[in-house]
Amino acid sequence: MLNVFILEDNPIQLHQMKNNIEKIGANLDIKVNCKIFINTDDLKKNLPQPSHSNVFILDLEINKNNTNQIALSCTPPPQNLTL
């Protein structure tokens, strides 16, 4: 299973990405679990345990601000978690 976390503030683009990822997964016979978020706070509250099965697709500009997304993408996992 591939866990895909999508951060995008444009609802049309968000659902297009989700649909495209699910279609690609189906074509490759890979089970895909997509979780969608429209802001960084919601994504931070739902961060999963680190895993090689997690894929993050982050919009670098949410509401005309890219600072939070860049910081989020550079954040290391908590010290007590291992892969």
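Would you check if there is a residue in the range 56-71 being of a type in the set (Asp, Glu), assigned to a loop (DSSP other than H, G, I, E, B) and at pLDDT 85 or above?
No, that holds for no residue.
How about the range 26-46: which of its residues are surrounded by 15 or more Cβ atoms within 10 Å (Cβ to Cβ) and among the aliphatic types (A, V, I, L, M)?
Selection gives VAL32, ILE36, ILE38, LEU43.
Here's a check for you: in the range 21-47, which residue that is in contact with a strand residue (DSSP E or B) (Cβ under 6 Å, 6 or more places away or on another chain) and not in a helix (DSSP H, G or I) is farthest from GLU61 (Cα to Cα)?
Per the stated criteria, the residue is ILE30.
Out of contact with any His (no Cβ under 6 Å at 6 or more places or on another chain) and at pLDDT below 90 - does that describe any residue in the range 18-39?
Scanning the range 18-39 turns up at least one residue that is out of contact with any His (no Cβ under 6 Å at 6 or more places or on another chain) and at pLDDT below 90.
Give me a count of the residues in the range 1-20 that are of a type outside the set (Asp, Glu), touching a strand residue (DSSP E or B) at 6+ places or on another chain (Cβ under 7 Å), under 16 Å from LEU43 (Cβ atoms) and outside any strand (DSSP E or B).
3
The values are calculated or read from the model by the stated rules, or taken from the named source; none is laboratory data. All values derive from a computational prediction rather than experimental measurement. Methodologically, a virtual Cβ is constructed for each residue, glycine included, from the backbone with ideal geometry; neighbour enumeration extends over all protein chains shown.
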